[in-house]
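Structure record follows, encoded as structure tokens.
Nothing in this text is a laboratory measurement; each read-out follows from the coordinates by a stated rule. Since the structure is predicted, the reported quantities are computational estimates derived from the model, not experimental observations. Cβ atoms come from the backbone with ideal geometry, glycine included; neighbour counts cover every protein chain shown.
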Amino acid sequence: MENNLALQLSHATELAAIAAARAAGFGDKMAADRAAVKAMRSFFNQVDFKGRVVIGEGERDKAPMLFIGEKLGTGKGLEVDIAVDPLENTNATASLGGRAITVLAAAEKEGLFHAPDMYMNKLVVGPEAGGKIDIKAPAKKNLELIAKSLERKIDDLVVVILDRARNEKLIAEVRQAGARVKLIPDGDLLPGIAVAMRGSGVHALMGIGAAPEGVMTAAGIRCLKGEMQASFWPKNSQEEQRLIKMGGKLNKVYTAEELASGKNIIFCATGVTNGDLLTGVRFFGGGARTHSLVANTISGKIRFIDTTHVFNKKQIEYRI
């Protein structure tokens, strides 16, 4: 895929972020999600490409969504598979809390795993620990390996884990090993990307979160040269059968290269509300500023882009 497609797709997350931010703070997460979906779909359909949604957020909770199999774009140009979450962390958006983002990953056709909407156990680290971790090993062993790769002690490490009952045992193990735990209430996608960035203050992501977000994390990790290992975590026999039907394997440890196998990977995220990596949308008279992360395997570059959007009169009147 051409380099400029990454910038075009990042504009989709920017517009979705602006729309979601306009609807933020009113206590209605569905309204914010709908606004983001509408803005993203509208822009996608102006881009010259043959897009296909392979992962669409919203199936589990009946939220507004870009649905799996949906065709996007003008139908001209490259065939592109897209994994998308028009608004991750809807609860935070509703309350103007932190770390809400709009996010997508893209690759050439068949370049992204069609993950079912279920849970996934994840272990994500930066480039230095690549080839050294093992998701099946005890948490303490992985922490020792990560610390050694970073030339640190375990008590220097910060591990991001979703604050969920299913992760309680892991949280206790990590703390007992001596590492600090950064608990997050929602949204483990961008924290998973952050562990591959020097200076982010986090050194690993561990625990069970959503599988669709896991594929998007894998795409971002591919761009940042980190490492990810993951295995699906079905809750019942129905989910097991669904996983098998969609081509997944029980008890298999997947790598980032298997979840996001494409040669040409694009990852884009834009802040809706303020977070650790991205600043939220800031409105001013007649416009807004957005802050985005754009990365791709084509150029090997990672960009933080601060964009000023000047609205036209109609956009101002109708409060996009």
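Quick notes
- The alpha carbon centroids of the range 292-312 and the range 143-220 are separated by 25 Å.
- Estimated FRET transfer efficiency (residue 135, residue 279; beta-carbon r; R0 45 Å; 0.05): 0.90
- Note on the chain: dipole from Cβ charges, positive end direction compared against 161, 261, 250; the farthest Cα belongs to 161.
- Extension gain, residue 303 back to residue 67 (0.36 nm per residue minus Cα-Cα distance, nm): 82.1 nm
- In a DSSP loop and with at most 14 other Cβ atoms within 10 Å, the chymotrypsin sites (Phe, Trp or Tyr not before Pro) in the range 241-320 are 318.
- Value of Rg/Rh across the range 146-303 [Cα atoms, Kirkwood radius]: 1.00
- Note on the chain: dipole from Cβ charges, positive end direction compared against 309, 40, 138; the farthest Cα belongs to 309.
- For the chain, the Cβ-based charge dipole about the Cα centre amounts to some 160 debye (Lys, Arg positive; Asp, Glu negative; other atoms uncharged).
- Entries in 71/252; 76/263; 140/225; 122/153; 153/182 that, when Cα-Cα distance is taken, lie over 29 Å: 71/252
- Considering all C-alpha pairs of the range 169-218, those separated by over 19 Å amount to 28%.
- Considering only the range 2-132, percent of DSSP beta bridges that pair antiparallel, nearest 5: 60
- Using alpha-carbon coordinates, inclination of helix 211-224 to the longest axis of the chain, degrees: 90
- Applying 1/(1 + (r/R0)^6) with r as the Cβ-Cβ distance of residue 169 and residue 76 and R0 = 56 angstrom yields a FRET efficiency of 0.65.
- Estimated from helices alone, the mean residue ellipticity of the chain at 222 nm is -9500 deg cm²/dmol (sum of -39500 (n - 2.57) over DSSP H runs with n ≥ 4, per residue).
- Counting other Cβ atoms within 10 Å as a rough exposure proxy, the listed residues 268, 223 run 223, 268 from fewest neighbours to most.
- Cα centroid separation, the range 99-121 to the range 74-91: 9 Å.
- Seen through its C-alpha gyration tensor, with square-root eigenvalues sorted a ≥ b ≥ c, the range 1-50 comes out prolate because a/c lies at 1.5 or above while a/b is bigger than b/c.
- Answer label for Cα extents along the principal axes in Å (calculated), chosen among (1) 48, 47, 40; (2) 91, 47, 38; (3) 58, 40, 38: (3)
- Cβ-placed point charges (K, R +1; D, E -1), dipole of the range 119-257 about Cα centre in debye, nearest 20: 220
- Residue exposure sequence - 308, 90, 279 - by fewest surrounding Cβ within 10 Å: 308, 279, 90
- Going from the fewest other Cβ atoms within 10 Å to the most, the residues 186, 33 appear in the order 186, 33.
- Only one residue of 230, 100, 150 has its Cα farthest out toward the positive end of the dipole of the chain, where Lys and Arg carry +1 and Asp and Glu -1 on Cβ, and that residue is 100.
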